[in-house]
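Worksheet: one structure, shown below.
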Amino acid sequence: MRLDPVWHELALGLLKDLIRIDTSNPPGREEAACERAAAALREHGVEPRLHRSGPGRANLTARVRGDGSAPPLLLSAHLDVVPADPAGWTHPPFSADEADGCIWGRGALDMKHMAALATAVVCRLECERPRRLRRDVALALVADEETGTRLGSRWLVEHVPDEVRAGVALGETGGLSQVVAGRRIYPVQVAEKGTAWLRLTARGRAGHGSIPDAESAPIRLARAVAALGAHPLPPHATAAARAFAAGMLGTVAPGLRLAAPVLAGEAGAALVRRFGARSPVGRAIAAMLANTVSPTCLRAGEATNVIPAEATAELDGRTLPGQTTGDLVREVRAVIGPDLEVEVMQESPPVEAPLDHPFLRLLGEVLAAHDPGGRLVPTLTPGFTDAKSWSRLGAACYGFTPIRFPDGFPAPSTLFHGIDERVPVEGFRFGLDLLGDLVERWAGEEERR
């Protein structure tokens, strides 16, 4: 299904305008971006609501109403972006220049493209009403995803939950095409790891720096951190990892899918650690197979000639579906021993959506109609998305923000938070057609089993 050109022009224009509004977080300042999207919605008969969560910080919600016989669909995107240093960019990061077949700028992929796509789809649905809608289609454009969601999706869930309550929520990460073994795949996020930020504290005798102490707090902490780097935590098989392995192996050769249960567990983790530990792809796959901790902040002492009595390390811990913060702490203890203190700084649970959900089956059908050579591959992300918030209200959360990349285009993972972030115009148009078709069919079809 190809949407009318008017919706393509609306989406492209909105994307450029959103990129030109600097929403670097901190400080965010998403209110201006919300106002721009609100103007587009009002122009097409959709009444938006702005929810201000702080000075200059805002979230937008809107809704096209169905007959209410099925649970709503929520389309979500965050409007904040990570800061961008103009040095090294081919085009200024907030210019939204259109050049070489792409729209360039910070947020083009993460994730103002989805904000523009979803807004245009909602406008089109309200104006054209192509079929009877059994479910509401809700839109949430949110603040503060890049620094933890406190003023964004989490704020909406805690203050206006009925605005964003849904049966299915569609957001990041996924839908960005890649080529594997000569075939185009489209990842769809079906799960994401939980967060468990930990603080290790080592204590020892304070003393003069001229007299070394092998059991000082800094040395004891350093041994623990080194041990965590040398000894990965044990693997745990998950449904999402098995589905990912089956999808990727099936892309190479259908018969290889039979090996997925093995490769999604201890055998796969051992292979990745032996042959892929130094590659970005290998490390990403390894993170799908085990709980992880990354030491990020080390602190000890104030004077060079004083051995401090205390040293701390903060660990960014991530837990697989089916695992808890308590499980992670026990695994860390098994590596570092009992002597250091382990404190949980903050935590949030993993998110997992059903692999047999009718929405996921429909997504596969719609993708096949728009790209017959494409293949949908479920993934588990080690990162953090607004799905953490939407799932609190019972939504099945999937990550799929469709863009088809041309051959030879840089891997999307190198552009997220990086230099020269950009989106191909024709791939963006492809994404609008696919998303429009998907939303129309899910909102209007009879309940699938």
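The numbers here are math on the coordinates, done by the rules we state, and not lab data. Just so we're clear, the structure is a prediction, and the values are computed from it rather than from any experiment. Backbone-built Cβ (ideal geometry, glycine too); neighbour counts: all protein chains shown.
Computed values, structure above
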item	result
Taking the stretch 192-348 and dividing mean pair separation by its residue count, relative contact order in percent (alpha carbons under 8 Å, at least six apart)	44 percent
Lysines whose Cα lies under 30 Å from that of Lys16, excluding same-chain neighbours fewer than 8 positions away	Lys112, Lys388
Peptides 409-421, 23-35 ordered by average Cβ neighbours within 10 Å, highest first	23-35, 409-421
Relative contact order (%) - criterion: Cα under 8 Å, at least six apart; region: the stretch 293-444	17 percent
Phi-based couplings in Hz for the stretch 428-434 (Karplus 6.51, -1.76, 1.60; Gly and Pro marked x)	5, 4, 4, x, 5, 4, 5
Correct option for Rg and Dmax of the Cα atoms in Å [calculated from the coordinates] among (1) 23.3, 80; (2) 21.6, 81; (3) 25.7, 82	(1)
Value of relative contact order over the chain, rounded to a whole percent, pairs C-alpha under 8 Å and six or more apart	24 percent
Label point distance in nm, Val6-Arg333, each placed 7 Å from Cα along Cα→Cβ	6.4 nm
Label-point gap, in nm, between His208 and Arg278 - each point 7 angstrom along Cα→Cβ	4.6 nm
0 to 90° range, to nearest 10: angle between helix 358-370 axis and the chain longest Cα axis	70 degrees
Separation between Cα centres of the stretch 72-133 and the stretch 308-367, rounded to whole Å	30 Å
Cα-Cα pairs of the stretch 192-348 separated by more than 26 Å (percent)	38 percent
Net dipole in debye of the chain [+1 Lys, Arg Cβ; -1 Asp, Glu Cβ; about Cα centre; nearest 20]	960 debye
Residues of the stretch 260-301 with amide N under 13 Å of the 7 Å Cα→Cβ point at Thr414	280-281
